[in-house]
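One structure is given below, encoded as structure tokens.
Just so it is clear, none of the values below were taken in a lab; they were calculated from the coordinates. Quick caveat: nothing in here was measured; it's all calculated off a predicted structure. Neighbour counts are summed over all protein chains in view; Cβ atoms, including those assigned to glycine, are modelled from backbone coordinates with ideal geometry.
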Amino acid sequence: MSAIDERRHERKFVRTFFTTPTAEQGEDDSAKKLRSAIGLRGMQAPDVWVPDNEDATAPNMRDEGARNIAEVVAEGGAEFPGEIHPRVVWHRDDPSARYDGFQHMLEIADPENGAIEHIDGFVIPEVGDVDDWKKADEFFTIVENEYGLEEGSLAMSVIIESGSAELAMGKLRDEMGKADNNLQRLFLLVDGEVDYTKDQRAITPTGGLPEWKELRHNTARAASAAGLIAVDGPFDDIRDVAGYHERMTANNAMGMLGIWSLTPTQVVEANKGPLPPADGYWVIDADGREVELTSEDGVEVYEGDRIELESQGDTYELAVGGDELHLEEDELRAELLDLLDYVPSMDDIVDSMEEFEAAKEAGKGAIAMTQSGTVRIDGVEVAISSDRMWDEATYQAMMTPVKLFKDVYENRPDQHDDLADLYSVAVVERAMEVGI
Amino acid sequence: MSAIDERRHERKFVRTFFTTPTAEQGEDDSAKKLRSAIGLRGMQAPDVWVPDNEDATAPNMRDEGARNIAEVVAEGGAEFPGEIHPRVVWHRDDPSARYDGFQHMLEIADPENGAIEHIDGFVIPEVGDVDDWKKADEFFTIVENEYGLEEGSLAMSVIIESGSAELAMGKLRDEMGKADNNLQRLFLLVDGEVDYTKDQRAITPTGGLPEWKELRHNTARAASAAGLIAVDGPFDDIRDVAGYHERMTANNAMGMLGIWSLTPTQVVEANKGPLPPADGYWVIDADGREVELTSEDGVEVYEGDRIELESQGDTYELAVGGDELHLEEDELRAELLDLLDYVPSMDDIVDSMEEFEAAKEAGKGAIAMTQSGTVRIDGVEVAISSDRMWDEATYQAMMTPVKLFKDVYENRPDQHDDLADLYSVAVVERAMEVGI
Amino acid sequence: MSAIDERRHERKFVRTFFTTPTAEQGEDDSAKKLRSAIGLRGMQAPDVWVPDNEDATAPNMRDEGARNIAEVVAEGGAEFPGEIHPRVVWHRDDPSARYDGFQHMLEIADPENGAIEHIDGFVIPEVGDVDDWKKADEFFTIVENEYGLEEGSLAMSVIIESGSAELAMGKLRDEMGKADNNLQRLFLLVDGEVDYTKDQRAITPTGGLPEWKELRHNTARAASAAGLIAVDGPFDDIRDVAGYHERMTANNAMGMLGIWSLTPTQVVEANKGPLPPADGYWVIDADGREVELTSEDGVEVYEGDRIELESQGDTYELAVGGDELHLEEDELRAELLDLLDYVPSMDDIVDSMEEFEAAKEAGKGAIAMTQSGTVRIDGVEVAISSDRMWDEATYQAMMTPVKLFKDVYENRPDQHDDLADLYSVAVVERAMEVGI
């Protein structure tokens, strides 16, 4: 028996959650977008594809949408490289929405429609407290029973977009596994910040979404405690690629490695987002702004105007954001070390893993990992070197991106070429072998 | 039957929670401040007035304070435009404080004193875990029963100023509605950060209050989940109007739309705080500081020194905080768009609401809202234009300030003149009609 | 009977939690580090010393480590000035680790080994949900029963390093005191951020630890609600003393006054960290960076380049980070007051306490505390003065550092000399007498 807090599904990681309208009026083929999405492959194809029979589809098109899902998945589901989890309608305060969602699940899962063998589960939006989750779970059980599927075989993912759903996440460990439910079917906890903002009645001057950092922490924590996977909500400004990456970086630091994608371009970004970079690089804290250094012939160069460095005989003048410091060489090195940080590549991470494993075999519990480099600011070059102690816990914590990589590699053969392009074949092989 | 997470009281919103000492020694009339406060009208009058028979009143004056409340509310309560919720003494660790509070409730609510028909409820400070809340609730029930009032008719608000009370807020949905309590009477969840700081034994170098952002999030979330209203604690530095507004802006972004007010001047600020501005304006991120642009003949002007812009033939040099960028016109536009944001007026919001409603009627699920303007920096003018996609969820989330406005308008006729002065009669009328 | 949320152990505060490996291979004496640590005195000795038979000690050395603990504590425990809480192995997902931990507890606590009278409790790492805590508690009870110790006399501290343990902290008030456990023995809640990062599967680009601010808040809150003491995890970068202090300052503002120490040098820093400074000083917000002013002959001098001030006849030009303001003297004073803050010394705090106590005796509920000074920027001197209102709640909240000081003074006679050196004998005496 596995513990509840080990991730319980085939996919241990989900990077991307991509939604597609299920039926659009005025098109020759109302299922056009579904047909296009199910053809995605490689980095453009999400880990979880969500034919969206809720918000993305007009209310009067949703019965047709359910039929479209069944038809399109029956045709193309076998070849689709990710998992398929349609979203149906639901609302904690509206029994008729819940009944509609149930009917749509029955339609999509009907074996006569030929889609069910490619359907991995359903996404339930607008859930409330945990008793509301149980109502949805009961419909999954009935669907499974009606169609002769194994109980619990359909995964259930929920959108967290109310305060009551946020609180429900704290109760999952006490509720999953009880005799009268099949909540072990839970898979993704997905934040829905626009509706959450409405539910909380929050107001911002510009109408922009609040950060909802506590919600994201609580979602990632619940995922960790109940063996589920945390996914962040949609990022509206589709053109703002840098902003999307900043959001992912913040999410990843909370243990939320997945994010919603609204377009195939966003899917590509989000599939790559939590993976380590192909090349390592240095960053410097330029008076509160993190700036990436440019590597030139092995020297890391700061090209901005916020940090100035001048050699004055034996000493140096370092100015950061207007504040001048007069420093000896040792002091300068220490000051720069405080400002600098190194972002390791996949190759660097595998190196460190192997180095630690060798040390462990040799009977050492902790070793120092050294990172060295030469930094150039205003033409002045300084050699720097920083140590970090690694012990078993550090090793385990640094293993997460490698585990993610392996999960991707094993479950997404369609991305092997992209990964080899990104990292080189040699790095991919080393990553697959480390930590076994 | 309404769901538990719809706000359950007559007032769906409370902007202001204004406390007044109930009895002061050495005055000719110990109830002088009560008499003054009950005369407040318009923007100076709070949504909830709290004759404070706890911390604001010396311990040896509190029996007199309870009599003063009854007397003053009997006289002037009928004309007071807000709700009246006296605060009585209470402490989770002190049964004698709890008994005193009960006695004061009996005194204030005694129909013979003539105040009870204008008393909307009581505020209970220093509560602990939810079982402590139930002790207070039981006293409310006894008071109601003794005086022939309907059970549950007196609202109960609590001050959250202990870790145990913060945890209790997560249990409300499981406890409200049980047969042995009347906790549905709950109304306001009010943070009390000074005592909370003591209870947490927190220390800051300057003695200033910690931010307690998580507490505020948890309070707003509990209010959302249990159909209550969240209110932030007192802002001590009475002269710092800008600081008070910053706090409100941060609170509003969490769904905490109410705040404590210590003076009528603070009441005015807090009554206006969460309402949209009368005139829209642009803000720019000037190297980490948000600066409002000045509107001059339809051009939005940045007048600070932190951003510099120079036209150099076909290209531009943009400097933000010392970092220089050389940009084509298109790049400049994109760069500025990232820095700029628009704060819509009430009129702008109603425009957008109406535009979306029309689109919805025409069968569209999502439309782009455009915001255009001309920005001038160092004499260089640049036309910019940004789009934002609106769907049903955006529309619903943007409705909050309008709903707040309607709640104010319906419940506070004494503020109609102030609102008409602020927004013009035409805008008020449009706001009252949108979204019906 | 004391309420659950009053701190329940002899030590009401714990500043320092210092771990030491219990057995190292290849040394003449495998217990060398234990023998060295138990000899620490004064500021170098922690409030809680943790012979670490888990992560700090290699797995194959832990049986020997348990014997070493018993031997070394039997010899030197009577003279050790802090409490002694060995850490044993444990894991929520591994029954054999739990059984090993139990065996090590039996070994260390065996009265025949002579250590038990100096052992205050045990630290249990890697706990999961509260039912897992109960398994550990049961082993404590069995150990106590086997060796004729009073039930509940051995304190139990836990390391919070999983999402399930974080959630368990919210249940303590409901579980402590139940007939079938002795969880009242709980003492420290210690965050373990490296393993927590692994459990949350969080990724940061540089491999640095995330802030985990919500975890720390939740730990401090649980400690407050259940009468326990919150301690932060290890700070890896041993050379970064400034960073260690910044972390402590952030922790203290959440009510987390204790922190892990990896070296005697870190113990010294952490023992002094939460105590008020010996000398008060002013700080100024220099465009987002907090800078300490230098006191010269009673004038507080800003020596940086981020703020510039020039007198221009009757008016002043003040530039902060490039933004220029032209101000009358009164405006300048107000502007500077917004930027300045005073950090009171222990002496200042005692002064304010006494002033408020005198006012209270004279029948006043609130008084203004004034802080005055002269500030010099670019040679221009400005006299400033700020008021802060103190009432009973302010007084109680400001009492925390004084209570901490008293707890230290009463429980750590070995630090009396250091405290007298730091504060002078007169200040120590006044601090011990205030608030009685």
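Do any trypsin sites (Lys or Arg not before Pro) in segment A:350-436 lie in a DSSP loop with no more than 14 other beta carbon atoms within 10 Å, and if so, which?
Qualifying residues, ordered by number: A:364.
The spacing between segment B:71-138 and segment A:84-158, judged by their C-alpha centroids, is 48 Å. Across segment A:1-137, the mean sequence separation of Cα contacts (distance under 8 Å, 6 or more residues apart), normalised by length, yields a relative contact order of 23 percent.
Across chain C, Cα-Cα pairs more than 39 Å apart make up 30 percent of the total. By the beta-carbon count within 10 Å of each Cβ, the least crowded to most crowded order of A:15, C:239, fewest first, is C:239, A:15.
Per-residue shielding of C:380-388, expressed as the average number of other chain Cβ atoms within 10 Å of the residue Cβ, stands at 1.
Can you say what percent of the DSSP beta bridges in chain A, counting only those with both residues inside, are antiparallel? Round to 5.
55 percent
For chain B, relative contact order (Cα pairs under 8 Å, six or more residues apart, normalised by length) works out to 14 percent. Taking other Cβ atoms within 10 Å as a rough exposure proxy, B:73, B:241, C:231, A:425 sort from fewest to most as A:425, B:241, B:73, C:231. Over the protein assembly as shown, DSSP H runs of length four or greater, each weighted -39,500 (n - 2.57), average out per residue to a 222 nm ellipticity of -12000 deg cm²/dmol. What separates the Cα centres of segment C:382-433 and segment A:318-338 is a distance of 36 Å. The GluC sites (Glu not before Pro) found in segment A:155-211 that occupy coil by DSSP, while having at most 15 further C-beta atoms within 10 Å, are A:211. Under the combined filter of DSSP loop state and at most 16 neighbouring Cβ atoms within 10 Å, segment B:307-416 retains these GluC sites (Glu not before Pro): B:328. Label separation (residue C:278 vs residue C:110): 4.9 nm, computed from points 7 Å beyond Cα along the C-beta direction. Taking the Cα atoms of the protein assembly as shown, the ratio Rg/Rh between the radius of gyration and the Kirkwood radius comes to 0.95. Taking one quarter of the surface of the convex hull spanned by the alpha-carbon atoms of segment C:16-272 gives a direction-averaged projected area of 13.4 nm². Over 20 Å, how big is the tail of the calculated P(r) for segment A:166-316, in percent of all Cα pairs? Result for the distance tail: 64 percent. For chain A, modelled as a GNM with alpha-carbon contacts under 10 angstrom, which of A:14, A:267, A:375 fluctuates the most? Fluctuation is largest for A:375.
Rounded to whole numbers, the Karplus 3J(HN,Hα) couplings from phi for segment B:13-20 are 9, 9, 8, 9, 10, 10, 9, 9 Hz, using 6.51 cos²θ - 1.76 cosθ + 1.60 with θ = phi - 60°, and x at Gly and Pro. Say the cut-off is 26 Å between C-alpha atoms; which of A:134/A:403; A:33/B:364; A:178/A:403 go over it? Listed pairs above 26 Å: A:134/A:403; A:178/A:403. Note on C:217, C:326: ascending count of other Cβ atoms within 10 Å places them as C:326, C:217, the fewest first. Note on residue A:138 and residue C:174: with the Förster distance fixed at 25 Å, the Cβ-Cβ geometry gives a FRET efficiency of about 0.35. Charge dipole of segment C:16-272 (Cα centre as origin; +1 on each Lys and Arg Cβ, -1 on each Asp and Glu Cβ, all else neutral): 820 debye, rounded to the nearest 20. Only one residue of A:322, A:189, A:145 has its Cα farthest out toward the positive end of the dipole of chain A, where Lys and Arg carry +1 and Asp and Glu -1 on Cβ, and that residue is A:145. If R0 is taken as 45 Å, the Cβ-Cβ distance between residue B:396 and residue A:147 corresponds to a FRET efficiency of 0.80. Here the 3J(HN,Hα) profile of segment B:178-187, calculated from phi with Karplus coefficients 6.51, -1.76 and 1.60 at θ = phi - 60°, is 5, 4, 8, 9, 10, 5, 4, 6, 4, 10 Hz, Gly and Pro shown as x. Take the Cβ atoms of residue A:334 and residue A:36, set R0 to 35 Å, and the FRET efficiency comes out at 0.05.
Antiparallel versus total DSSP beta bridges in the protein assembly as shown: what percent is that, nearest 5? Given both bridge residues lie in the protein assembly as shown, the antiparallel proportion sits at roughly 55 percent. The mean count of C-beta atoms from other chains within 10 Å of the C-beta of residues in C:101-113, rounded to a whole number, is 0. Taking a virtual spin label 7 Å from the Cα of residue B:420 along the C-beta vector, which residues in segment B:325-368 bring their backbone nitrogen under 16 Å of it? Taking a point 7 Å out along Cα→Cβ of residue B:420, no residue of segment B:325-368 has its backbone N under 16 Å.
Cross-link partners for residue B:406 among the aspartates and glutamates, with Cα-Cα distance under 15 Å and sequence neighbours closer than 8 places in the same chain left out: B:10, B:47, B:347, B:414, B:417, B:418, B:429, B:433.
Considering only alpha-carbon pairs that sit under 8 angstrom and 6 or more positions apart, the relative contact order computed for segment A:252-389 is 23 percent.
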